[in-house]
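Okay, structure first, notes after.
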Amino acid sequence: MDTAAKRLAWLPFLAREIPAGLATPADVARFELEQAGAKASLTVDPAMGEGWEISGDGITGGETGVLYGAYRLLMARAAGEAVPTGVQRPRYPLRMINCWDNAEGDIERGYSGRSLFFEGGRLSYDPARMRQLGRMLSSVGVNVLCINNVNVRDPAHRLIEDWLPELAALANIFRPFGVRLMVSIDYAQPMRHGVPTADPLDPQVQDWWTRQTAKVYEAIPDLAGYLVKADSEHRPGPFTYGRNHAEGANMLARALAPHGGVLVWRCFVYNCQQDWRDRVTDRPMAAYQHYSPLDGQFDDNVILQVKNGPFDFQVREPLSPLLLAMPKTRLAIELQLAQEYTGHQIDVYAMPPMWREVFDDMGADTVQAIAAVSNLGRDENYTGHPFAAANLFSYGLFAWNPDLSAEAVIRLWCRLTYALPADQEEALCRLLMESRSVYEQYTSPLGLCWMVNKMGHYGVGPDDYEFAAWGTYHRADRDAVGIDRTASGTGYLLQYPPALQARYADPATCPDNLLLFFHRLRYDHVMADGRALIQRIYDDHFEGYERAEAMAKTLAGLSLPSPDREEAARRMDMQLRNAREWCDVINTFFHRFSGADDAQGRTIY
Ligand code: GCV
């Protein structure tokens with residue numbers, strides 16, 4: 001079994017491991033302050049909940065608030081920043097990490113090694129490492145950890161059955177860090193126990209969940225609740241019984257309600273068996289079609305969890321229109337820290353600039369909770385690429401305060417993690433801030449999604465999804481590329497409020513980075529900057545590669561500590577190979593269709 005990582009991500013100044021036996025967040029706060037040599041008095045005022053205030057040399061806060069205050073004090077000290085003044089409170093009461101860890105120990109879309117929680121078909125973990133993780137999450141304010149994959153496969157359903165004592169032991173480890181557990185459940189779970197159906201309106205089904213949930217809360221009274229993926233990608237759900245998702249979700253919510261639990265219901269529902277010849281069905285429309293008519297029909301303890309975009313965590317998508325269509329329903333936005341479509345934690349990809357755009361488009365108060373798919377694993381540094389930790393760190397701070405500037409968060413991470421000389425810190429900060437746009441440019445600029453390799457989602461495969469069942473087509477031919485999603489096309493655009501419709505409707509005013517998401521255009525279409533579309537496709541890919549090369553040079557000039565220096569360099573070599581491949585394959589792909597030569601005469605194969 002691993003021991004806790006020696007170097008603790010953005011908390012390198014906390015050299016000592018947290019001992020077992022600290023019972024409350026205030027105990028942890030005292031330990032952390034003491035080992036960092038910080039003198040601060042703690043006053044617990046339970047009425048403050050998660051809030052805290054630092055004044056003079058005292059921290060006053062609620063039971064968890066004092067710990068959050070202590071971490072912010074230590075981080076501000078380490079970064080040479082002033083502590084925020086006044087009472088600090090999180091914007092969202094639920095700030096969740098969703099792990100897609102399987103009971104066998106593998107992780108769906110995991111790029112940092114095996115699971116921290118499971119191995120060999122059972123719960124299996126290093127308690128010291130759990131405490132380190134609790135500390136990392138708590139230091140950035142994450143307060144809910146769902147440990148198992150939303151695709152619940154045998155034997156993971158046992159977490160809320162005969163594994164309850166072990167689950168309770170794990171919950172005990174995280175409790176002093178203010179982190180509550182959540183579990184993903186299998187919608188058809190009662191059918192494993194002789195109930196003949198999973199119909200949510202069937203009294204036997206309701207009874208099974210009521211009884212089982214009471215047992216769960218007897219073991220773990222502060223469990224945050226259940227997370228459910230239903231009627232999605234072959235998972236069971238209420239559609240089988242002719243019921244809608246309000247009926248399905250409310251049944252589970254009613255079993256949780258007496259115990260104070262929430263039911264987090266994912267809206268990632270679409271037909272994953274579409275016929276590619278079908279030119280009418282448009283996958284991004286699906287979630288809105290299923291859920292918006294149900295607004296106002298969900299119980300108070302149901303939270304609908306909606307991915308930030310209408311497809312599936314592509315490098316760029318517009319905001320999911322569903323997020324703007326459910327004013328009478330509690331919503332959570334779901335982000336993805338795991339770099340499934342964004343470079344597998346091999347390619348550098350810092351997410352805060354994207355989140356800033358998402359939150360600016362959405363309005364932070366549109367949602368009442370926030371979740372992110374985990375990028376954690378058993379690698380010594382927890383996130384595979386050492387820079388991927390910046391995404392976990394930034395996520396926590398964003399979840400606490402979604403008004404933050406992307407750059408401020410990234411800079412803080414750089415400073416806390418590496419304490420580089422000022423010019424190098426600036427260079428690293430720039431590198432991270434630009435990394436998404438570089439990745440976008442050598443992979444899928446102009447809003448064209450799904451050019452990715454179908455098997456693993458790393459690397460290029462422009463035709464991989466084109467004749468597949470997943471509803472993800474770009475329909476490139478010799479004349480044109482993209483899908484018309486305006487009123488004259490699939491009508492997807494009509495799912496948006498008028499201001500956003502106006503932004504995207506006309507190719508002349510639609511931002512370039514979403515042009516081919518909303519429009520089907522000829523290769524000779526003249527872009528706002530005067531270049532033909534095909535030339536922009538070539539230029540962007542060549543430029544993306546050149547910018548990746550420039551990133552590699554910047555990286556080589558940074559005096560990062562070992563092993564991060566070597567690890568980042570090793571991954572950068574792989575990133576450059578990936579970028580070269582993307583650039584050459586995509587340019588060749590479109591050259592073969594269009595027959596158009598590159599105006600600059602660069603090599604296309
Ligand atoms: C957990 C995508 C991923 C799946 C994931 C799914 C989801 O389709 O490729 O691995 O399954 O999203 O979010 O449920």
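The values are calculated or read from the model by the stated rules, or taken from the named source; none is laboratory data. Computed from a predicted model, the values in this text were never measured in an experiment. Please note: Cβ atoms are built from the backbone with ideal geometry, for glycine as well, and neighbour counts cover all protein chains shown. Side chains included, ligands, DNA and RNA excluded: accessible areas come from the protein's heavy atoms. Shrake-Rupley method; radii C 1.70, N 1.55, O 1.52, S 1.80 Å.
Some notes on this structure:
- A count restricted to region 365-393 and to residues that are within 16 Å of Gln305 (Cβ to Cβ) and either open to solvent by 10 Å² or more (accessible area, probe 1.4 Å) or among the β-branched types (Val, Ile, Thr) (or both) stands at 6.
- Cβ pairs under 7 Å, 6+ apart, first in region 551-565 and closer than 19 Å to Tyr349 by Cα and open to solvent by 40 Å² or more (accessible area, probe 1.4 Å), second outside any loop (DSSP other than H, G, I, E, B) and aromatic (Phe, Trp, Tyr): none
- Residue among Val183, Val195, Val205 that is buried (at least 21 other Cβ atoms within 10 Å of the Cβ), over 26 Å from the mean Cα position of the chain (by Cα) and of a type in the set (Val, Ile, Thr): Val205
- Phe268 within 30 Å of Asp573 (Cβ to Cβ), in contact (Cβ under 8 Å) with a residue 12 or more places away in the chain and within 16 Å of the ligand (Cβ to nearest atom): no
- When region 286-302 is filtered for residues that are away from the ligand (no atom under 16 Å from the Cβ) and either open to solvent by 30 Å² or more (accessible area, probe 1.4 Å) or out of contact with any Ser or Thr (no Cβ under 7 Å at 6 or more places or on another chain) (or both), the ones remaining, listed by number, are Tyr288, Gln289, Ser292, Pro293, Leu294, Gly296, Gln297, Asp299, Asp300, Asn301, Val302.
- Counting the residues of region 324-362 that are more than 23 Å from Ile410 (Cβ to Cβ) and either at pLDDT below 95 or more than 16 Å from the ligand (Cβ to nearest atom) (or both) gives 8.
- Across region 11-37, the number of residues qualifying as over 29 Å from the mean Cα position of the chain (by Cα) and in a loop (DSSP other than H, G, I, E, B) comes to 8.
- When the residues of region 148-157 are filtered to those that are touching a Leu at 6+ places or on another chain (Cβ under 9 Å) and not polar (S, T, N, Q), the one that is farthest from Leu133 (Cα to Cα) is Val152.
- Which numbered condition Lys6 misses (of (1) modelled with pLDDT of 95 or more; (2) within 22 Å of Pro127 (Cβ to Cβ); (3) of a type outside the set (A, V, I, L, M, F, W, C)): (1)
- Tabulated pairs, region 295-313, first closer than 30 Å to Asn375 by Cα, second of a type in the set (Lys, Arg) and assigned to a strand (DSSP E or B), C-beta under 6 angstrom, 6+ apart or interchain: Gln305/Arg266
- Scanning region 231-267 for residues that are β-branched (Val, Ile, Thr) and under 18 Å from Thr213 (Cβ atoms) yields Val262, Val264.
- Entirely in region 275-383, the strands (runs of 3 or more DSSP E) that have 2 or more residues that are not aliphatic (A, V, I, L, M): 302-307, 331-336
Residue-wise test of (1) open to solvent by 70 Å² or more (accessible area, probe 1.4 Å); (2) in contact with a Ser or Thr (Cβ under 8 Å, 6 or more places away or on another chain); (3) in contact (Cβ under 8 Å) with a residue 40 or more places away in the chain.
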position	(1), (2), (3)
Arg7	yes, no, yes
Trp10	no, yes, yes
Leu22	no, no, yes
Val28	no, yes, yes
Ala36	no, no, yes
Ser41	no, no, no
Asp45	no, yes, no
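- Restricting attention to region 109-120 and to residues that are more than 16 Å from the ligand (Cβ to nearest atom) and in contact (Cβ under 8 Å) with a residue 60 or more places away in the chain, the residue that is nearest to Gln368 (Cα to Cα) turns out to be Leu116.
- Complete set of residues in region 220-277 that are open to solvent by 40 Å² or more (accessible area, probe 1.4 Å) and of a type in the set (Gly, Ala, Ser): Gly242, Ala257, Gly260
- Residue count for region 87-141 under the criterion of being among the basic types (Lys, Arg) and open to solvent by less than 30 Å² (accessible area, probe 1.4 Å): the result is 3.
- Within region 156-171, the set of residues being surrounded by fewer than 19 Cβ atoms within 10 Å (Cβ to Cβ), farther than 24 Å from Arg235 by Cα and touching a residue at least 24 places away in the same chain (Cβ under 8 Å) comprises Pro165, Glu166, Ala168.
- For region 195-229, the set of residues classified as part of a loop (DSSP other than H, G, I, E, B) and within 19 Å of Arg180 (Cβ to Cβ) consists of Ile220, Pro221, Asp222, Leu223, Ala224, listed by residue number.
- Residue ID - nearest to the ligand (Cβ to nearest atom), chosen from residues in region 94-108 that are part of a loop (DSSP other than H, G, I, E, B) and more than 14 Å from the chain's Cα centre (by Cα): Asn102
- Residue count, region 192-222 (criterion: under 16 Å from Asp162 (Cα atoms) and not aromatic (Phe, Trp, Tyr)): 11
- Failed item in (1) open to solvent by less than 10 Å² (accessible area, probe 1.4 Å); (2) within 16 Å of the ligand (Cβ to nearest atom); (3) without any contact (Cβ under 8 Å) to a residue 60 or more places away in the chain, with Arg153 passing the rest: (1)
- Only listed residue being outside any helix (DSSP H, G or I), away from the ligand (no atom under 16 Å from the Cβ) and touching a residue at least 60 places away in the same chain (Cβ under 8 Å), chosen from Asp477, Asp484: Asp477
- Residue pairs whose Cβ atoms lie under 6 Å apart, separated by 6 or more positions or on different chains, with the first residue in region 413-427 and open to solvent by 80 Å² or more (accessible area, probe 1.4 Å) and the second not in a helix (DSSP H, G or I), do not occur.
- Across region 452-474, the qualifying residues are those that are open to solvent by less than 30 Å² (accessible area, probe 1.4 Å) and hydroxyl-bearing (Ser, Thr, Tyr), and the one among them that is nearest to the ligand (Cβ to nearest atom) is Thr472.
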